[in-house]
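Engineer: So that we are looking at the same thing, I have put the structure below in structure tokens.
The values are calculated or read from the model by the stated rules, or taken from the named source; none is laboratory data. These numbers were taken from a predicted model, which means no experiment stands behind them. Virtual Cβ from ideal backbone geometry, glycine too; neighbours counted across all protein chains shown.
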Amino acid sequence: MPTYFHMSLLFSRGALYPDFIADFDAALDLAGLRFLAGYLEDRDLPQAEIAAWNQKKLEADFVLGLTTHCSRDYKQTLYRFGDYSEVRGFWMNRYPKRSAFTYTILIPQSEVLAYNLTFRAQAVSELTALAKELWQFPPLEAVQTGLELSDPPLSLAELRRGVSPDASPFVIVAPDCHPYDDGSQATPLTGGRPGLLLLDTDMLSPDLPGSPAKI
């Protein structure tokens, strides 16, 4: 199994509503993440059936127990995005806190890194563009990224307190969630929903064209 880069999308429990996942799937598609198939044993399921299953699970506040078979868990999805060999998404409930849930997007880590754990120019450009589009989905509270051994995503309360997330290589937060200065470049998002893009320029490959502000 390869190691993965992840993009975690944070939602508050109170944001859940009927057809939430169907609307979210439409936002993914609009952002360029195209539905390919269900994952593993769910490969032949249509997207609408996967969405309906996961919607019921979230509404029931389901968390897989230690003795519960994995077939009862949230169903995962494969997508087409760029030239990446695998893009997979899955829900995690009560994560990172009981009052929240996340949607995690996985891409093989080797396909986004250049060397010395720095990020390829094209990958940074594609991933920040995807995150900016997803940020337009109103219930989304934060976009946090990381590598296989990165720290887990922070809760909304932690972000609002100014705790610095593990920006590997970036995060997007609301304007009132500006963490303390950890060296990341902060760029206000304009032309849509207000937000703040925090980019760790130390993690960018030296061959990145132009300045980080162009990302």
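Engineer: Anything in region 160-177 that is modelled with pLDDT under 90 and either within 20 Å of Q136 (Cβ to Cβ) or within 15 Å of the chain's Cα centre (by Cα) (or both)? List them, or say none.
Structural biologist: Residues satisfying the conditions are P165, D166, A167, P175, D176, C177.
Engineer: Pairs, please: C-beta under 9 Å, at least 6 apart or cross-chain, first residue closer than 22 Å to N93 by Cα and in region 16-35, second loosely packed, with under 13 Cβ neighbours inside 10 Å?
Structural biologist: Hits for this filter: A22/A48; D23/Y17; D25/A48; L28/R34; F35/P46.
Engineer: Which number in (1) in contact with a strand residue (DSSP E or B) (Cβ under 9 Å, 6 or more places away or on another chain); (2) closer than 20 Å to D166 by Cβ marks the one condition that K75 misses?
Structural biologist: So the condition that K75 fails would be (2).
Engineer: Continuing with this model, one more query. Need pairs with beta-carbon distance below 6 Å; first residue more than 14 Å from R193 (Cα to Cα) and within region 121-136, second at pLDDT 95 or above and assigned to a helix (DSSP H, G or I); sequence gap 6+ or separate chains.
Structural biologist: L130/A31
Engineer: Give the residues of region 15-47 that are part of a helix (DSSP H, G or I) and not small (G, A, S), sorted by residue number.
Structural biologist: Across region 15-47, the qualifying residues are F20, I21, D23, F24, D25, L28, D29, L30, L40, E41, D42, Q47.
Engineer: Does any residue of region 3-12 turn out to be in a helix (DSSP H, G or I) and surrounded by 14 or more Cβ atoms within 10 Å (Cβ to Cβ)?
Structural biologist: Looking for residues that are in a helix (DSSP H, G or I) and surrounded by 14 or more Cβ atoms within 10 Å (Cβ to Cβ), one finds none in region 3-12, hence no.
Engineer: Tell me, please, whether a residue that is in a helix (DSSP H, G or I), of a type in the set (A, V, I, L, M, F, W, C), within 23 Å of R13 (Cβ to Cβ) and in contact with a Phe, Trp or Tyr (Cβ under 8 Å, 6 or more places away or on another chain) can be found in region 151-158.
Structural biologist: No, region 151-158 has no match at all.
Engineer: Just to verify a result, which residue in region 54-70, among those that are assigned to a helix (DSSP H, G or I) and either polar (S, T, N, Q) or surrounded by fewer than 16 Cβ atoms within 10 Å (Cβ to Cβ) (or both), is modelled with the lowest pLDDT?
Structural biologist: My answer is C70.
Engineer: Follow-up. Does Y17 fit the bill of being surrounded by 17 or more Cβ atoms within 10 Å (Cβ to Cβ) and closer than 30 Å to L159 by Cβ?
Structural biologist: no
Engineer: Further question: Please find, within region 20-53, the residue that is surrounded by the most Cβ atoms within 10 Å (Cβ to Cβ) out of those that are acidic (D, E) and out of contact with any helix residue (DSSP H, G or I) (no Cβ under 6 Å at 6 or more places or on another chain).
Structural biologist: So the residue we want is D42.
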